[in-house]
Structures are given as C-alpha cells and as structure tokens.
Amino acid sequence: MTEYAPYELTSDGFELVSTEVSGPVGSAIVHHRAHRGSPVATIFIHGAAGSWTTWSPLLRAARESGVELGELVLIDLPGWGGGRLLDPSPSLDAICDVVRDAALRLGYTEWAVVGHSMGGFLALHLAVTDPERVHSVTMVSGTTFSVIESVEHPLTRFRTLPGFVALWQVMKLLSRLGSGGRAFVGALARVGLLRPAVFPLFRHPWRVGRSVIDALGRELRPASFVAATDIVRNYDTSAWTAVTCPVTAIKGDRDVFVRDDDLDRLREVVSQARTIVVPDCGHFAAVERPFEVIEAMRPSGDE
C-alpha cells in the first residue's frame with residue numbers, strides 16, 4: 001500500500017486555464033486545457049465542501065503513475081470554489097445542466113465523468129440523462145442510497161449514517177446564521193479546531209496535509225452544503241437501471257458517508273457496476289489514497 005495522503009492540495013502545475021459559465025442557478029468556473037485536442041473530456045466533479053483542487057492529489061498520482069487522464073475538465077460548481085450560487089434551492093437537473101453546458105461550451109461532446117461524494121451522485125445522474133454523451137462513470141466515495149434515505153428520514157435512519165446526519169444538521173443550523181455561519185467555520189480553522197471537528201471524514205485526520213484542512217475551512221459553506229444535500233431528496237434510484245455505460249464505484253473502508261451495502265445495492269440496480277473498497281481510507285479517497293484510486297480507475301484488463 002502506498003503512503004497515506006501523500007500530497008497537499010494545489011492549483012499549480014497543471015497548465016489549466018479558467019472559463020466562467022453562467023446559467024439560471026449561478027455560475028461555474030471550469031478549469032481546462034487552453035486548446036482542445038479531442039471532443040472527449042474527462043470531467044471531474046467535486047463534492048460538497050470541495051472545489052476542483054480536491055482532485056489535485058489524484059492528478060499528481062496519475063502523472064507519477066504514467067496514467068493519461070485525457071482532456072481534463074475540472075468544475076467549481078455554483079456555490080463552491082469560484083462558482084456563485086444564485087438559486088438557494090437548485091434542483092438536481094439544474095446543477096447537471098451547468099455541467100452539461102460547461103462541457104458543450106468548450107466543445108466536448110463525449111465525457112468520462114468522475115465525481116467525489118455528491119459529485120459521484122451527479123455523475124451517475126448524468127449517465128441517466130445523457131447516455132449518448134457519458135461513456136463512463138467513476139464514483140469516488142460517491143453518495144447513494146444511504147444518504148438519500150438519511151435525508152428523507154433523518155430521525156428513523158440516524159443510525160445508518162450518523163456522521164452525515166450530524167454534519168448536515170450542524171450545517172442547517174449554521175446556514176440560518178447567514179454569513180455568520182460561514183465565518184464560524186472559518187474561525188474554527190484559524191484557531192486549529194476544524195481538524196478535530198471533521199475527523200470522521202478521514203481515516204487518519206492528523207496525517208492529512210494542512211492544505212486539505214485549510215480548503216475545508218474555505219469550502220465548508222453551510223448554505224451550499226444544505227442546498228447540495230437537498231438535491232437528493234425523493235430521488236428515484238430505479239432511474240439508475242437505465243445506465244448503460246461502465247460504472248466504477250470506489251469507497252474507503254472507513255467511509256462515514258458511504259456504506260458497504262451501498263455498493264451491494266448499486267450492483268443490483270446497475271448490473272455492470274464494478275465496486276472497489278480501498279483499505280485504510282475514509283471519505284476522501286482521492287486525497288487519502290490517490291494511487292489506489294488511479295489503479296481502480298483503470299479499465300479491467302489494463303496493465
């Protein structure tokens with residue numbers, strides 16, 4: 001097994017340019033190559049409390065492993081990173097429209113979609129709505145059944161994902177404080193209390209880099225987190241039976257947002273889904289175990 005959390009988060013060294021894409025729910029910032037060389041893109045979608053730099057350890061691991069990820073498109077969704085959220089209650093389809101519009105505006109008509117946490121949920125939904133464009137889906141700690149059920153029944157299903165429900169309720173409380181809620185999270189980061197506050201998210205919270213905790217301090221935005229959580233409410237998971245592209249679902253063995261039986265249930269609905277549990281890893285597999293995730297992303301049979 002490789003080193004745990006070997007890299008800091010960074011925006012440097014990837015030779016990307018940025019494009020702002022606006023729509024009814026707000027704007028996204030898309031990070032991509034200056035010149036398109038193919039109509040096929042690998043689209044990376046971060047999760048709640050993230051931005052495009054969440055993927056930087058994975059990009060570095062791919063480069064060191066000699067793995068070509070293709071034409072990179074990394075998106076700051078509305079409400080995260082440099083993106084602006086105008087609609088406080090965006091729908092799932094509206095957020096997916098932002099991803100679709102961003103890719104098409106850059107000239108990418110075929111996509112391999114990689115999503116972390118909430119981004120994995122979005123990636124799978126894009127495979128439902130855009131089957132002619134989505135060639136493959138990789139869900140890295142992607143949230144599915146247990147999160148949906150916890151959102152719909154937070155009291156009766158509390159024991160299913162207690163870490164998620166507790167964080168969600170705290171974010172709901174802080175969101176009512178407006179800018180004060182976000183300032184509170186920033187204050188925790190400044191005095192060094194955010195790391196212990198978010199310890200369930202990581203297998204070894206004291207070993208992840210300072211940049212990871214600093215990024216959480218910036219990106220743990222209560223109102224955006226609540227909006228992101230609400231998009232899964234009443235989702236009909238039977239829609240996933242329509243997915244025809246290859247799907248790879250990866251999770252850490254100590255993931256507090258994704259249960260092992262989520263992977264079992266996903267295979268029942270998406271017959272071609274391939275599921276992988278990464279040892280000694282929490283909810284941020286692309287940060288904690290980037291080399292293992294890169295290996296898991298290889299199509300079956302690749303050397």
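Criterion first (surrounded by fewer than 21 Cβ atoms within 10 Å (Cβ to Cβ) and either within 17 Å of the chain's Cα centre (by Cα) or closer than 17 Å to VAL17 by Cα (or both)) does ARG84 satisfy it?
Criteria not met by ARG84.
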Unmet requirement for ARG36, which otherwise passes all of (1) touching a Lys or Arg at 6+ places or on another chain (Cβ under 6 Å); (2) in a loop (DSSP other than H, G, I, E, B): (1)
Residues in the stretch 31-49: is at least one farther than 28 Å from GLU288 by Cα, of a type outside the set (Phe, Trp, Tyr) and without any contact (Cβ under 8 Å) to a residue 24 or more places away in the chain? yes
How about the stretch 97-123: which of its residues are free of Cβ contacts under 8 Å to residues at least 40 places away in the same chain and either in contact with a Ser or Thr (Cβ under 6 Å, 6 or more places away or on another chain) or farther than 23 Å from THR144 by Cβ (or both)? LEU104
Within the stretch 149-160, is there a residue that is within 16 Å of the chain's Cα centre (by Cα) and surrounded by fewer than 24 Cβ atoms within 10 Å (Cβ to Cβ)? no
Failed condition for SER89, given (1) modelled with pLDDT of 95 or more; (2) surrounded by fewer than 24 Cβ atoms within 10 Å (Cβ to Cβ); (3) polar (S, T, N, Q), with all others met? (1)
Selection count where residues are free of Cβ contacts under 8 Å to residues at least 12 places away in the same chain and in contact with a Phe, Trp or Tyr (Cβ under 6 Å, 6 or more places away or on another chain), scope the stretch 245-274: 0
Only one of (1) modelled with pLDDT of 95 or more; (2) surrounded by 15 or more Cβ atoms within 10 Å (Cβ to Cβ); (3) not aromatic (Phe, Trp, Tyr) does not apply to VAL17, and that is (2)
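Working only within the stretch 152-174, note down all residues that are part of a loop (DSSP other than H, G, I, E, B) and either among the β-branched types (Val, Ile, Thr) or in contact with a Gly (Cβ under 7 Å, 6 or more places away or on another chain) (or both).
THR156, THR160
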Enumeration of residues in the stretch 136-151 that are in a helix (DSSP H, G or I) and closer than 22 Å to VAL243 by Cβ: PHE145, SER146, VAL147, ILE148, GLU149, VAL151
Give me the residue from the stretch 80-116 that is among the basic types (Lys, Arg) and not in a strand (DSSP E or B) and, out of that set, farthest from PRO246 (Cα to Cα). ARG105
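The values are calculated or read from the model by the stated rules, or taken from the named source; none is laboratory data. Just so it is clear, the model here is predicted, and its values are computed rather than measured. Glycine also receives a Cβ, built like all others from the backbone with ideal geometry; neighbour counts cover every protein chain displayed.
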